[in-house]
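Worksheet for the structure shown next.
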Ligand SMILES: [Zn+2]
């Protein structure tokens with residue numbers, strides 16, 4: 001598609017179906033026309049110029065499909081999708097959602113912040129936001145990212161494949177197994193440099209938050225971590241059926257893995273154990289992406305995280321939300337709302353690198369409220385909405401809205417994901433996810449199973465149809 005500079009100024013709008021009308025027109029300084037003759041000459045000149053420019057202007061986007069029209073807008077600075085005389089029907093959303101999902105999940109897949117794959121994802125999102133015609137902010141940060149590799153556990157002559165814990169240093173460690181399942185016992189141990197420490201029971205009930213996680217610190221987790229640093233084992237094997245790896249900590253110096261109890265229960269103190277871990281930890285840069293749809297203050301933040309864990313293509317967590325918000329934005333369905341669209345890059349990352357960078361660069365005083373979308377489109381599950389730190393009047397409005405919208409339910413407030421960083425600061429937040437999401441996380445979220453196959457595009461259609469009205473309601477109440 002060729003591009004000419006003349007395409008950003010020129011004749012009045014052409015509004016016939018299938019044609020384009022122009023963005024803002026150049027002003028005419030009619031005050032300089034001091035006589036009828038001069039005015040007549042000027043009109044003639046302008047008319048000729050208008051006709052020439054009209055002849056030079058493309059009369060229609062390249063192709064009738066939505067992708068072609070969006071490509072036309074992206075190739076022509078100064079144009080916006082709202083300038084297309086062809087009205088984009090909501091049905092176009094599905095095509096665009098499918099396109100973004102194909103790129104983010106099908107082509108790119110796992111996209112942890114800092115990685116080359118993550119950069120490809122942000123490049124795609126950045127390019128897609130270009131059609132909005134407003135400045136897109138790319139806010140950089142530096143982080144450590146993990147490249148997974150296979151691992152093996154050898155005990156008593158048998159060798160089984162295991163999943164290394166994220167950020168586990170690569171290497172081979174050998175030692176006698178020592179099973180510990182209570183925190184006081186762990187804290188009483190002397191350093192165990194030639195031992196494979198086996199964490200079980202209460203020590204492996206849930207993931208131990210690493211020190212680099214910026215938003216929460218749990219005293220019991222702090223004690224487990226400091227004991228592990230002090231004990232300096234040859235390796236750690238955590239035994240747990242929890243859905244997350246028990247250790248995901250870039251500051252632990254020993255190889256580690258998490259195995260299910262079906263494997264871990266066969267280990268005994270004194271066994272000779274060898275753990276081999278591959279993979280690598282890298283340093284890289286990434287960006288958050290944001291665009292303000294208007295200059296209104298105060299404004300609402302509409303957000304979703306575009307990153308995924310290194311172990312998953314991240315369809316339901318969280319490409320589905322990103323794809324839906326991108327489609328709504330590029331087709332103009334959010335135009336006029338006092339919104340800043342923020343694609344966070346780090347919600348699933350251990351140091352929340354994107355969120356930390358964004359908070360450091362943003363004056364929260366201008367933000368009246370937040371709507372966050374995370375974990376939507378799961379087949380068989382409708383949509384849920386939770387309200388956090390909202391004034392009673394908004395709670396009432398949201399309850400009424402939910403009653404009018406079948407397929408949605410009110411969820412209990414959940415202080416996770418990107419709305420949490422606002423709600424914990426007292427900023428009203430609405431969180432959209434799938435019904436029963438927390439019961440469904442195990443075996444899906446953060447695993448290779450989170451593919452396009454788990455999604456139901458009808459649910460994303462519904463989200464796209466309902467979200468603009470919900471945003472307008474929240475903005476009316478808060479802004
Ligand atoms: Zn998520």
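Test of understanding: extend the Cα→C-beta vector of residue 472 to 7 Å, then name every residue of region 90-126 with backbone N under 20 Å from that spot.
90-94
Which stretch or stretches of region 228-257 have amide N atoms under 20 Å from the point lying 7 Å from residue 159's Cα along the Cα→Cβ direction?
235-237, 255-257
Express in nm, to one decimal, how much length is gained between residue 360 and residue 202 on full extension, taking 0.36 nm for each residue of separation and deducting their alpha carbon distance. Could you put the intermediate results ahead of the total?
Details: separation 158, 0.36 × 158 = 56.88 nm, distance 3.61 nm.
Length difference between fully extended and current span is 53.3 nm.
Along its principal axes, what span do the Cα atoms of region 275-354 show, with the longest given first and each in whole Å?
Over region 275-354, Cα extents along the principal axes are 57, 22, 15 Å.
Rounded, prolate or oblate for region 330-397? Axes are the square roots of the Cα gyration tensor eigenvalues, ordered a ≥ b ≥ c, and the cut-off for rounded is a/c under 1.5.
Note, shape of region 330-397 comes out rounded.
How would you rank 372-382, 411-421, highest first, on the average number of other Cβ atoms within 10 Å across their residues?
Details: 372-382: 22.8, 411-421: 19.6.
Ranked from most to least packed, the peptides come out as 372-382, 411-421.
Once the piece of chain linking residue 188 and residue 67 is laid out straight, how much longer is it, given 0.36 nm per residue of separation minus the C-alpha distance between them?
Numbers: separation 121, 0.36 × 121 = 43.56 nm, distance 6.37 nm.
Taking 0.36 nm per residue and subtracting the Cα distance, the gain is 37.2 nm.
How big is region 77-222 along each principal axis, measuring the range of its Cα positions in Å and listing the largest first?
That works out to 74, 37, 27 Å along the principal axes.
Ordered by packing density, taken as the mean number of other Cβ atoms within 10 Å over each peptide's residues, highest first, how do 385-397, 342-354 rank?
Highest mean packing first, the order is 342-354, 385-397.
According to the Kirkwood expression over distinct Cα-Cα pairs, how big is the hydrodynamic radius of region 145-282, in Å?
The Cα-based Kirkwood calculation yields 14.7 Å.
Taking 7 Å along the Cα-to-C-beta vector as the label spot, tell me the residue 465-residue 120 distance in nanometres, rounded to one decimal.
3.4 nm
To the nearest Å, what is the center-to-center distance of region 345-397 and region 226-294, using C-alpha atoms only?
28 Å
If you count the DSSP beta bridges with both ends in region 96-251, what percent of them are antiparallel, to the nearest 5?
Looking only at bridges with both residues in region 96-251, the antiparallel portion is about 35 percent.
Listed highest first by mean packing, meaning other Cβ atoms within 10 Å per residue, what order do 136-144, 319-327 come in?
The packing order, highest mean first, is 319-327, 136-144.
Counting alpha carbon pairs within less than 8 Å and at least 6 residues apart, what relative contact order, in whole percent, applies to region 145-282?
Value for region 145-282: 41 percent.
What length, rounded to one decimal in nm, is gained on full extension from residue 285 through to residue 102, with 0.36 nm per residue of separation minus their alpha-carbon distance?
63.5 nm is the gain from fully extending residue 285 to residue 102.
Hey, rough spin-label estimate for residue 415 and residue 172, points 7 angstrom out along Cα→Cβ, what's it come to in nanometres?
Using points 7 Å along Cα→Cβ, the separation is 4.7 nm.
Given points 7 Å out from each Cα along the Cα-Cβ axis, report the residue 241 to residue 435 separation in nanometres with one decimal.
2.7 nm
Coordinate-derived values only; no laboratory data. What you are looking at is a predicted structure, and each value in this text was computed from that prediction instead of being measured. Please note: Cβ atoms are built from the backbone with ideal geometry, for glycine as well, and neighbour counts cover all protein chains shown.
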